[in-house]
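Here the structure is laid out as structure tokens; the discussion comes afterwards.
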Amino acid sequence: MKITIINGQNHKGSTWNIGSLLVRKLDGDKEIAEYFLPRDLNHFCQGCYACLEAGERCPYWQEKAPILRDMLEADLLIFTSPNYCMMPSAPMKAFLDLFFTNWMSHRPLREMFSKRAVVITTAAGAGAKKAAGLIAENLINWGIPRVIQYGAAVNAMNWNMVPPKKKEKIEKDMEKLARKLTRGRRVHVGLRTRILFWFYGNMQKAGWGASRAEKQYWIENGWLSGGRPWKKPDEKRRTSCGC
């Protein structure tokens, strides 16, 4: 299994430890690519629109390219972030901003529709689940059909201070999650993803996209004429909902 981990922090705290625990619990051979933020991508989106125009790229493309390559090649994506003020970390938010064209409303990537993702967040008290939800919302809009959220209130400032009973529960949770992830490798694209894709496709047809280059991208992929990123190019049969 190929796994790409995006950590929304440089330090190896409670969130990183839980993510690493999950990886260790997964059965079989594993090929892991791991990134730490902001160490591996220390930029904010400039709002320059270069990524939306044909033939132009983000000013930070050289740094983004290897991360995107590893995400596209992965079977499983793991995103970890501590909770800061009921939100993901600032580096994680900046990361999601820099990859905003992955959203189905812009230039969705075919590979994302066959992936699974896990979002892990921690908080000393409240807010972990809300932070996880904000990251998961982005990944759902990337087209990832299976996004699992795990938020833990660790009641501690660091992993060494987490109470033993809390660590025991977290370990059991990761064992259960690992079994769920290894039980079936095939990912089914559900109704939510299909409806979102249908909605954004109609938006592109109507010319409500951010640029002409985006609409051309959809046309070239055959997605405005019945094709779907989760099907082979010759499989254009529509479902009853038009998805």
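The values are calculated or read from the model by the stated rules, or taken from the named source; none is laboratory data. Just so you know, these numbers come straight off a predicted model, no measurement behind them. Please note: Cβ atoms are built from the backbone with ideal geometry, for glycine as well, and neighbour counts cover all protein chains shown. Just so you know, the surface numbers come from the protein's heavy atoms only, side chains and all, with ligands and any DNA or RNA stripped out. Shrake-Rupley method; radii C 1.70, N 1.55, O 1.52, S 1.80 Å.
Arg69 - would you say it is more than 30 Å from Met157 (Cα to Cα) and surrounded by fewer than 16 Cβ atoms within 10 Å (Cβ to Cβ)? Yes. Tell me, yes or no, whether segment 81-92 has at least one residue that is under 27 Å from Glu220 (Cβ atoms) and either open to solvent by 50 Å² or more (accessible area, probe 1.4 Å) or in contact (Cβ under 8 Å) with a residue 40 or more places away in the chain (or both). For segment 81-92, residues under 27 Å from Glu220 (Cβ atoms) and either open to solvent by 50 Å² or more (accessible area, probe 1.4 Å) or in contact (Cβ under 8 Å) with a residue 40 or more places away in the chain (or both): absent.
Being assigned to a loop (DSSP other than H, G, I, E, B) and surrounded by 18 or more Cβ atoms within 10 Å (Cβ to Cβ) is the filter here; which residues of segment 211-226 pass it? Once the filter is applied, which keeps residues that are assigned to a loop (DSSP other than H, G, I, E, B) and surrounded by 18 or more Cβ atoms within 10 Å (Cβ to Cβ), segment 211-226 yields only Trp223.
Being within 30 Å of Ala153 (Cα to Cα), in contact (Cβ under 8 Å) with a residue 60 or more places away in the chain and touching a helix residue (DSSP H, G or I) at 6+ places or on another chain (Cβ under 8 Å) is true for just one of Leu77, Leu96, Leu52. Which residue is that?
Values: Leu96 fails: in contact (Cβ under 8 Å) with a residue 60 or more places away in the chain; Leu52 fails: within 30 Å of Ala153 (Cα to Cα).
Of the residues listed, the single one that is within 30 Å of Ala153 (Cα to Cα), in contact (Cβ under 8 Å) with a residue 60 or more places away in the chain and touching a helix residue (DSSP H, G or I) at 6+ places or on another chain (Cβ under 8 Å) is Leu77.
Condition first: of a type in the set (D, E, K, R), at pLDDT 95 or above and assigned to a strand (DSSP E or B). Can you find one or more residues in segment 114-128 that meet it? Yes, because at least one residue in segment 114-128 is of a type in the set (D, E, K, R), at pLDDT 95 or above and assigned to a strand (DSSP E or B). For segment 132-163, how many residues are of a type in the set (A, V, I, L, M, F, W, C), closer than 14 Å to Asn83 by Cα, open to solvent by 20 Å² or more (accessible area, probe 1.4 Å) and over 23 Å from the mean Cα position of the chain (by Cα)? Of the residues in that region, 1 qualify.
Of everything in segment 160-210, what is part of a helix (DSSP H, G or I) and among the aliphatic types (A, V, I, L, M)? Give them in sequence order.
Residues satisfying the conditions are Met161, Ile170, Met174, Leu177, Ala178, Leu181, Leu191, Ile195, Leu196, Met203.
Cβ-Cβ distances below 7 Å connect the following pairs, each with a first residue in segment 126-148 that is on the phi > 0 side of the Ramachandran plot, a second residue that is open to solvent by less than 20 Å² (accessible area, probe 1.4 Å) and among the polar types (S, T, N, Q), and a separation of six or more residues or different chains: Gly143/Thr193.
The set of residues in segment 138-151 that are aliphatic (A, V, I, L, M) and touching a helix residue (DSSP H, G or I) at 6+ places or on another chain (Cβ under 6 Å) comprises Ile144, Val147.
Being under 22 Å from Ala54 (Cα atoms) and open to solvent by 10 Å² or more (accessible area, probe 1.4 Å) is the filter here; which residues of segment 103-131 pass it? Give the derivation first.
Taking segment 103-131 as the starting set, the residues that turn out to be under 22 Å from Ala54 (Cα atoms) are 103-112.
Residues satisfying the conditions are Trp103, Ser105, His106, Arg107, Leu109, Arg110, Glu111.
If the condition is being without any contact (Cβ under 8 Å) to a residue 24 or more places away in the chain and either charged (D, E, K, R) or open to solvent by less than 70 Å² (accessible area, probe 1.4 Å) (or both), then segment 25-47 contributes only Gly47.
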